[in-house]
Amino acid sequence: MRFMMFVRADKKTESGALPSKELMAAMGRFNEEMAKAGVMLAGEGIQPSAKGARVTFARGTRSVTNGPFPAHELVAGFWMIQVASKDQAIEWAKRVPFADGEVIEIRQVFEASDFEPAP
């Protein structure tokens, strides 16, 4: 099973500030641990929303809104992991070296087998 572990954005990540050297080192060790365990498929940080845009679809038209966007609605980074269960994904998320108040959201990724075969 594949799971996305999302890192929520906040004012600090949206300012473009990079994590401290200590956090970067801890994250590197965590990523290495996941890679050695064979569960990490990908992991990336995402640039602040000020560098992004949203495309909204309505009544056959597309409108573009440039960032920034409210931080509480955003993702600052992610990991894609492959584990045997949601419980295992939760155990990995609990090991992320974050400070009090930070949140990791875990969501299972759809697989082709989740959909009925096409007629």
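The values are calculated or read from the model by the stated rules, or taken from the named source; none is laboratory data. Keep in mind the model is a prediction, meaning the values are calculated, not measured. Virtual Cβ from ideal backbone geometry, glycine too; neighbours counted across all protein chains shown.
Within region 51-96, the residues that satisfy the criterion of being touching a residue at least 40 places away in the same chain (Cβ under 8 Å) and small (Gly, Ala, Ser) are ALA71, ALA76, GLY77, ALA84, SER85, ALA89, ALA93.
Looking only at strands (runs of 3 or more DSSP E) that lie completely in region 47-119, which have at least 1 residues being among the hydroxyl-bearing types (Ser, Thr, Tyr), modelled with pLDDT of 95 or more and surrounded by 10 or more Cβ atoms within 10 Å (Cβ to Cβ)? Give the derivation first.
Numbers: elements: 53-58, 61-66, 75-82, 104-108.
The qualifying strands (runs of 3 or more DSSP E) are 61-66.
If you scan region 13-43, which residues turn out to be assigned to a strand (DSSP E or B) and more than 14 Å from VAL96 (Cα to Cα)? LEU41, ALA42, listed by residue number. The residues of region 17-37 that are closer than 14 Å to TRP92 by Cα, free of Cβ contacts under 8 Å to residues at least 60 places away in the same chain and of a type outside the set (A, V, I, L, M), listed by number, are ASN31, GLU32, LYS36.
LYS51 meets all of the listed conditions (1) out of contact with any Leu (no Cβ under 9 Å at 6 or more places or on another chain); (2) more than 17 Å from GLY16 (Cβ to Cβ) but one, namely (2). In the condition set (1) surrounded by 12 or more Cβ atoms within 10 Å (Cβ to Cβ); (2) of a type in the set (A, V, I, L, M); (3) within 23 Å of ALA84 (Cβ to Cβ), MET27 is compliant with all but (3).
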